């Protein structure tokens with residue numbers, strides 16, 4: 001038995017693209033008048049489509065709060081699907097190789113680690129301001145088990161980072177390789193002397209396991225090397241790890257660019273790792289369906305150029 005919200009008769013027919021576009025426009029603008037302006041239609045037309053949407057879903061979808069329309073929980077649940085449909089419609093509506101960043105108002109969704117966002121996204125935003133002033137960037141963090149689905153369905157355009165365990169069917173390009181270092185407190189027993197291998201083994205550690213990695217790449221390399229690390233604290237944030245290191249005698253193993261950035265923000269010292277764990281690779285990945293999309297190619301080029309230009313990629317310490 002179907003239950004409907006009082007005042008709405010419930011579903012009849014199917015949702016059309018005009019209704020989907022109206023729903024997305026109201027989400028983006030928060031008012032009927034601004035949605036009409038964004039769509040290039042009249043306000044009565046938007047109001048009529050909103051009424052059709054409310055009747056179809058049996059829900060208000062948007063309620064007035066002050067001078068703006070706020071989405072209901074039902075509308076919020078629809079947003080990922082609506083956004084994906086609009087992005088796909090944009091893709092199929094453009095002629096091949098037709099993307100003008102200066103004329104576009106597309107939103108690009110990037111999945112990066114917290115530290116990569118901190119280092120890369122501000123520079124990328126500056127590039128967008130010059131080259132694609134109408135476009136926007138939304139940073140998200142998607143757990144590794146959901147990353148393939150998110151890229152396939154267009155919930156994420158591009159992911160960048162270590163991305164350990166990413167599905168091999170995804171397209172990828174290596175960005176940089178980095179050596180590893182140790183972070184210690186500037187007031188610890190290691191403040192003036194680099195760690196030895198024995199000192200590393202005897203110390204207690206902070207481990208960083210990012211949600212976009214299936215396993216901690218440092219832990220995996222240590223396991224292969226046969227080196228035991230006593231972990232006192234496991235976190236998902238490089239910033240939390242650095243704060244913990246600064247206030248304790250704990251040691252944290254990180255890549256060179258991450259260590260250098262954090263050493264500029266926290267009272268910590270960085271030393272070379274006292275043994276060789278090889279180089280840590282970073283890459284960007286995307287789904288095959290966007291391989292030849294002109295806007296996606298432009299995005300990949302910008303991310304790669306910004307990534308390489310922002311982070312010192314020298315392998316040595």
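Condition test on residue 236, is it under 16 Å from residue 209 (Cβ atoms), in contact with a strand residue (DSSP E or B) (Cβ under 9 Å, 6 or more places away or on another chain), modelled with pLDDT under 95 and surrounded by fewer than 19 Cβ atoms within 10 Å (Cβ to Cβ)?
So residue 236 fits the description; yes.
Residue-level check: of (1) under 21 Å from residue 196 (Cα atoms); (2) out of contact with any helix residue (DSSP H, G or I) (no Cβ under 6 Å at 6 or more places or on another chain), residue 239 misses just (1). Against the condition over 30 Å from residue 151 (Cα atoms) and loosely packed, with under 14 Cβ neighbours inside 10 Å, how does residue 189 come out, does it pass? For residue 189, the condition - over 30 Å from residue 151 (Cα atoms) and loosely packed, with under 14 Cβ neighbours inside 10 Å - is met. Of all the numbered requirements in (1) touching a residue at least 24 places away in the same chain (Cβ under 8 Å); (2) in a loop (DSSP other than H, G, I, E, B); (3) outside the structural domain of residue 244 (by TED's automatic domain parsing), residue 195 misses one, and that requirement is (3). Candidates 233, 222, 262: the one that is in contact with a helix residue (DSSP H, G or I) (Cβ under 8 Å, 6 or more places away or on another chain) and either touching a residue at least 60 places away in the same chain (Cβ under 8 Å) or in a helix (DSSP H, G or I) (or both) is 262. Within region 65-97, restricting attention to residues that are outside any helix (DSSP H, G or I) and at pLDDT below 75, the residue that is nearest to residue 138 (Cα to Cα) is 94.
Go through region 265-279 and count every residue that is part of a loop (DSSP other than H, G, I, E, B), in contact (Cβ under 8 Å) with a residue 40 or more places away in the chain and in contact with a strand residue (DSSP E or B) (Cβ under 9 Å, 6 or more places away or on another chain).
Final tally of qualifying residues: 6.
Do any strands (runs of 3 or more DSSP E) entirely within region 112-185 hold 2 or more residues that are within 15 Å of the chain's Cα centre (by Cα), and if so, which?
136-140, 158-161
The values are calculated or read from the model by the stated rules, or taken from the named source; none is laboratory data. The shown structure was predicted, so the numbers you read here are calculated from the model rather than taken from an experiment. Please note: Cβ atoms are built from the backbone with ideal geometry, for glycine as well, and neighbour counts cover all protein chains shown.
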